[in-house]
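The values are calculated or read from the model by the stated rules, or taken from the named source; none is laboratory data. Remember, predicted model here, so these are calculated numbers, not experimental data. Heads up, the Cβs are rebuilt from the backbone with ideal geometry, glycines too, and the neighbour counts pull from every protein chain shown. SASA here: full protein model, heavy atoms, side chains in, ligands and nucleic acids out. Shrake-Rupley method; radii C 1.70, N 1.55, O 1.52, S 1.80 Å.
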Amino acid sequence: MSDCLQRFASSLVVSCQPVPEGPLDHPDQVVGFALAALASGGRGLRIEGIANLKAVRAATDAPIIGLIKRDLDTSPIRITPFLDDVAALAEAGADIIAFDATDRVRPVAVAELCKAVQAHGKLAMADISTIEEAKAAVALGVDVVGTTMSGYTGGPEPSDPDFPLLAAAVRLGRPVIAEGRIRVPEQAAEAIRLGAHGVVVGSAITRPEHITHWFADAIAAARAASARPSLAFDLGGTKTLVALVDGDRIVEANERTTDRHLDPDDWCDAIAELAAPWQSRYGAIGGAVTGVVHAGRWSALNPGTLPVSANYPLADALERRLGRPVVLHNDAQAAAWGEYRFGAGAGRDLLFVTVSTGIGGGAVIGGRLLTGRGGVAGSVGLTQETAGVPLETLASGRFLADAAAALGHAVDAPAVFAAAARGEAWASAVLDRSADVAARLLQNLQLLFDPAIMVVGGGVGLADGYRARLEARLAHLPPHLKPEIRAAALGKSAGVIGAADLARRTL
Ligand SMILES: CC(=O)N[C@H](C=O)[C@@H](O)[C@H](O)[C@H](O)COP(=O)(O)O
């Protein structure tokens, strides 16, 4: 490998290309950027234009990738399209000359550009956009390949670097420079881990106009999202709650019994009717539903709760009625997020387990709500206690009523708690059976995720004495394995508060 390439092996190369015609578009400023970069860990430079290149060459002997950008009427090729450009760059002191090597209409063939660069005693860098172009360039004998052009040959500009292309190009055996949309240090490090010979970073270091826009746009989006309340709904098996939500505050709410005998179209109509009075008062729209939502489609997890047919297009159905996109989540996932942001979690990693008519859950780990591949992450009630027996059938509110009935007491879950409080042994025994199963679940979840806290909610989970039963069963565990149980703080509002916040974040 040439000495020049060796000098920035596994290192940062800083592209110092001001925004054309911007206030920093002057050779003095380019030299300033270049020297600042070299003084701070940059090992090479990428410089556009002859005047800039000459000025920088006079200021440093660091390796320079030179290029000339042109806007041609007859070709989309912008980077070093002509042989004269190659000669001028060689003359001005570039060590490496970069040229567009994409497979598009061009004034000069890639082979000729490559030959000319090397004839001037310089290294040829092929800026490519596909693996086929990389292969063709390597076959022509270029010295180094850059992923520079990926994402810039048509279609919308992606937001991430093209790491799959980098990884594939590295396998061709020629040095590859990762370039294009590397915005944060972690991406630069990942490029090196993928085998890049060097990493070119431009905009994120030397285009303050772009960087300022990134910040200003993100702030503007957050401002717009928090300027108005969100509309959120929680569609469950027994009730449909629709609310205007401002942060963690329910401004107004409307509720209706969910008619299980109707179908999803009717449930969507109900949501739209309940939201109608607030039409112009909300920004984002978020929804929490029982069952699983993935890519805007809704399916039942437990048809006993609400008999939704598989893959109902819920996002479309609601957007048609509400006139705006709706961000959807499973209800327990949304509640987990609500508790994480505004409730018992207070920003700590948590597992949320709601023991109610059924059992649901959600996980927020590392500040992210886990939704999973298909949307079912956190559905702890459906984990199998023994083959074919979902855990919730042995611990939920439904279980309490069934177990009571089997003992000759035709009562609901609250009545089981009341009987236990009166000292009736049969009721305590039923609660103990549920708590045995739920405590085992919490112990397993601690081992799987090791969250900071375990938030327990739901009518059963929050009923008098239930948490104490769980604590008693976990008391023997050593501190590092023992779940830190907290009572859910948002109650029945957790779903709408979480759904509203999740929607606000996607604006
Ligand atoms: C596509 C194209 O014309 N890229 C140019 C190539 O020299 C420059 O405008 C980029 O700034 C450079 O590639 C570095 O990329 P980023 O600024 O994303 O770090």
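Percent antiparallel among DSSP beta bridges with both residues in the chain, to the nearest 5?
The antiparallel fraction comes to roughly 40 percent.
Answer with one residue from Thr354, Ala270, Leu400: the one whose Cα lies farthest towards the positive end of the charge dipole of the chain, charges on Cβ with Lys, Arg +1 and Asp, Glu -1.
Leu400
Rank-order 343-353, 168-178 by packing density, defined as the average count of other C-beta atoms within 10 Å over each peptide's residues, highest first. Spell out each step's value before the answer.
On the way: 343-353: 22.6, 168-178: 21.0.
Highest to lowest by the protection proxy: 343-353, 168-178.
Taking the Cα centre of segment 344-488 as origin, sum charge times position over the Cβ atoms of Lys and Arg (+1) and Asp and Glu (-1), and report the length of that vector in debye to the nearest 20. If you can, show how the numbers build up before the last one.
Numbers: 12 positive and 12 negative charges, 59 e Å.
Taking the Cα centre of segment 344-488 as origin, the dipole is about 280 debye.
Do the sum for the chain: with -39,500 (n - 2.57) for every DSSP H run of n ≥ 4, divided by all residues, what is the mean residue ellipticity at 222 nm, to the nearest 500 deg cm²/dmol?
Details: 19 runs with 201 residues, N = 507.
My calculation for the chain gives -12000 deg cm²/dmol from helical runs alone.
Starting from the Cα of His26, step 7 Å along the direction of its Cβ; do the same at Asp217; then give the gap between the two resulting points in nm.
In this crude label model, His26 to Asp217 measures out at 2.8 nm.
Can you check what the net charge comes to around Val293, using other residues whose Cβ is under 15 Å from the Cβ of Val293 (Lys, Arg +1; Asp, Glu -1)?
Local net charge: -2.
Sort segment 235-358 into rounded, prolate or oblate with this rule: let a ≥ b ≥ c be the square roots of the eigenvalues of the Cα gyration tensor; rounded if a/c is under 1.5, and if a/c is not under 1.5, prolate when a/b is larger than b/c, oblate otherwise. Can you show the working numbers first?
Numbers: a/c = 1.59, a/b = 1.11, b/c = 1.43.
It is oblate, given that a/c is not under 1.5 and a/b is not larger than b/c.
Please identify which residues in segment 181-220 have an amide N closer than 20 Å to a label point set 7 Å out from the Cα of Ser10, following the Cα→Cβ vector.
Of the residues in segment 181-220, 185-201 have backbone N under 20 Å from the label point off Ser10.
Over what distance in Å are the Cα centres of segment 92-157 and segment 441-479 separated?
Taking the Cα centre of segment 441-479 as reference, the centre of segment 92-157 is 60 Å away.
Quick check on the chain: take the gyration tensor over C-alpha atoms, sort the square-rooted eigenvalues as a ≥ b ≥ c, and tell me if it's rounded (a/c under 1.5), prolate or oblate. Before the final figure, lay out the partial values.
Details: a/c = 3.01, a/b = 2.46, b/c = 1.23.
Verdict is prolate for the chain.
Quick check for me: using +1 on Lys/Arg Cβ and -1 on Asp/Glu Cβ, what's the dipole size of segment 146-186 about its Cα centre, in debye to the nearest 20? Provide the component values of the computation, followed by the final result.
Numbers: 4 positive and 5 negative charges, 36 e Å.
It comes to approximately 180 debye.
Sort 142-149, 39-46, 227-234, 275-282 for me by packing, meaning the mean count of neighbouring Cβ atoms within 10 Å per residue, highest on top. Show your work: numbers first, answer last.
Values: 142-149: 27.0, 39-46: 18.6, 227-234: 24.1, 275-282: 14.0.
Averaged packing, sorted descending, gives the order 142-149, 227-234, 39-46, 275-282.
Summing Lys, Arg as +1 and Asp, Glu as -1, what charge do residues with Cβ under 10 Å from the Cβ of Gly151 carry, Gly151 excluded? Kindly include the intermediate steps, with their values, before the conclusion.
Details: positive: Arg181; negative: Glu157, Asp160, Asp162.
Cβ neighbours under 10 Å give a net charge of -2.
Treating only the Cβ of Lys, Arg, Asp and Glu as charged (+1, +1, -1, -1), what charge dipole size does segment 295-368 show about its Cα centre? Round to the nearest 20 debye.
Values: 7 positive and 5 negative charges, 37 e Å.
Charge dipole of segment 295-368: 180 debye, to the nearest 20.
Once you have a ≥ b ≥ c as the square roots of the Cα gyration tensor eigenvalues for segment 3-213, tell me rounded if a/c is under 1.5, and otherwise prolate or oblate according to whether a/b is larger than b/c.
Cα axes put segment 3-213 in the rounded bin.
Per residue, how many Å² of accessible area does segment 1-145 show with a 1.4 Å probe? Don't skip to the end; give the middle numbers.
Working: 6230 Å² over 145 residues.
Heavy-atom accessible area per residue stands at 43 Å².
Can you check what the net charge comes to around Gly458, using other residues whose Cβ is under 13 Å from the Cβ of Gly458 (Lys, Arg +1; Asp, Glu -1)?
On the way: positive: Arg398, Arg467, Lys492; negative: Asp331, Glu339, Glu392.
Within the 13 Å Cβ shell, the charges total 0.
Along the Cα→Cβ direction, 7 angstrom out, place labels at Asp402 and His294. What is the inter-label distance in nm?
Taking the simple label geometry, Asp402 and His294 are separated by 2.6 nm.
Given points 7 Å out from each Cα along the Cα-Cβ axis, report the Gln279 to His480 separation in nanometres with one decimal.
Those two pseudo-labels are separated by 6.1 nm.
I'd like to know which of Gly287, Ala90, Leu445 lies farthest towards the positive end of the charge dipole of the chain, counting +1 on Cβ of Lys and Arg and -1 on Cβ of Asp and Glu.
Leu445
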